[in-house]
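Below you'll find the structure, written out as structure tokens, and then a few comments.
The values are calculated or read from the model by the stated rules, or taken from the named source; none is laboratory data. This one's a predicted model, so the numbers in the text were calculated from it and none came from an experiment. Positions of Cβ are backbone-derived with ideal geometry, glycine not excepted, and every protein chain shown enters the neighbour counts. Note: areas computed on protein heavy atoms with side chains; ligands, DNA, RNA excluded. Shrake-Rupley method; radii C 1.70, N 1.55, O 1.52, S 1.80 Å.
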Amino acid sequence: MSIEIQKAKWWKRILSFIVDAATISIIAVVVCLLMARILKYEENSNNLNKKYEYYEETYNVSFELTEEEYNQFTEEEINKYQEVQEIINNDEEFINIFKKMVILTIVIIAIGVFVGVMVVEFIIPLFLKNGQTIGKKMFDLCLVRPNSVKVSILQIFVRTFFGKYIIEIMLPIVLIILYIFGSLVSETIIGIISLLVIQICIYFSKNYRQFLHDRFSVVIVVDKQEQKIFDTYDELILYNQNKKSEDK
């Protein structure tokens, strides 16, 4: 005998998401600012800007071109621009600073987002129980397994770390960063990763009432007051047995 699942209303999920996303963002920004100071991000950024300024002044070019401006170049200007790019690509000092900036950017954002997500989506739910975040608590939502048994700590961790942090947040962020610093990154690799992410999202999102992170961890977001929740499988089995006896 299956227990009817009272899936959370969409408006509650959206409002809950907004509250949690805002909390994650605040924590992530604070951590990112702290990490940027510790890792001397501004100093490295200034060094990179100085290298760009040097090449702009030396070769009378600009690296802040729009696509429209570049398309208006004459053949001579395009050749000159490409020659400067070739010189830059052979400048080991520039490449090292550039790579360091890419790595620092990814590391700082990764740590900031990691702390924010883990605090809001994993640590807080351990205290509020039933996988409740601040947002879910406010709108009386919680997590259950498909059979209405309480979710385990492992499921909450998988949902938070792999479903939300790795797949839904960091993969897109890394792709955006690599795109921004794209001159030294293989477009083929970015394309392959993008296709994999899209395929994963399509595969796990067949059920329109579940997000990717919920399907990934095999949990369902429900209205807590309307949903009967069992502490253990044994309690569920006993409940089903009693229901069968009453129906006879």
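On a full-extension model of 0.36 nm per residue, what is the gain between Leu33 and Ile153, subtracting their alpha-carbon distance, rounded to one decimal in nm?
Details: separation 120, 0.36 × 120 = 43.20 nm, distance 3.03 nm.
That works out to 40.2 nm of additional length.
Round to a whole number: what % of the accessible area of the chain belongs to carbon and sulfur, probe 1.4 Å?
Values: 9260 of 15310 Å².
Result for the chain: 60 percent of the exposed heavy-atom area is carbon or sulfur.
Kindly flag which residue pairs out of Lys100/Lys164; Lys129/Lys244; Lys164/Lys228; Lys137/Lys243; Lys129/Lys224; Lys99/Lys164 have an alpha-carbon separation exceeding 21 Å in this structure. Kindly include the intermediate steps, with their values, before the conclusion.
Values: Lys100/Lys164 27 Å; Lys129/Lys244 30 Å; Lys164/Lys228 26 Å; Lys137/Lys243 31 Å; Lys129/Lys224 11 Å; Lys99/Lys164 27 Å.
The pairs that break the limit, which is 21 Å between Cα atoms, are Lys100/Lys164; Lys129/Lys244; Lys164/Lys228; Lys137/Lys243; Lys99/Lys164.
Calculate, in nm to one decimal, what Glu76 and Ile18 gain on full extension: separation in residues at 0.36 nm each, minus their alpha carbon distance.
Details: separation 58, 0.36 × 58 = 20.88 nm, distance 5.15 nm.
Additional length available on full extension: 15.7 nm.
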Helix axis angle, 187-204 relative to the chain longest principal axis, alpha carbon, degrees = 10 degrees
ask   = How much solvent-accessible surface does Glu42 expose, in Å² to the nearest 10, with a 1.4 Å probe and all protein chains in place?
value = 130 Å²
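Report, in deg cm²/dmol and to the nearest 500, the calculated mean residue ellipticity at 222 nm for the chain, where each DSSP H run with n ≥ 4 adds -39500 (n - 2.57) and the sum is divided by the residue count. Mind dumping the intermediate values first?
Numbers: 12 runs with 159 residues, N = 248.
Result for the chain: -20500 deg cm²/dmol, rounded to the nearest 500.
How much accessible area per residue does segment 1-114 have, in Å², with a 1.4 Å probe?
Values: 7780 Å² over 114 residues.
For segment 1-114, the solvent-accessible area averages 68 Å² per residue.
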inquiry  = Full-extension gain between Asn96 and Ser62, please, as 0.36 nm times their residue separation minus the C-alpha to C-alpha distance.
reply    = 10.1 nm
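How do 29-41, 147-159 rank on mean C-beta neighbours within 10 Å, highest first?
Numbers: 29-41: 15.0, 147-159: 17.1.
Highest-to-lowest ranking by the protection proxy: 147-159, 29-41.
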note = Which residues qualify? For Gln132, with a placed amide H closer than 5 Å and at least 5 residues away or on another chain, they are Leu143
query = How high is the FRET efficiency between Ile123 and Leu238 when r is their beta carbon distance and R₀ equals 22 Å, given to the nearest 0.05?
reply = 0.10
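Which order do you get for Asp140, Asp223, Asp231 if you rank them by accessible area with a 1.4 Å probe, largest at the top?
Values: Asp140 45, Asp223 5, Asp231 85 Å².
Solvent-accessible surface, decreasing: Asp231, Asp140, Asp223.
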key: Dimensionless Rg ratio for segment 1-74, taking C-alpha atoms and the 2.2 N^0.38 Å reference   = 2.14
remark   = quick shape note, segment 37-115: Cα extents on principal axes in Å, largest first -> 49, 26, 17
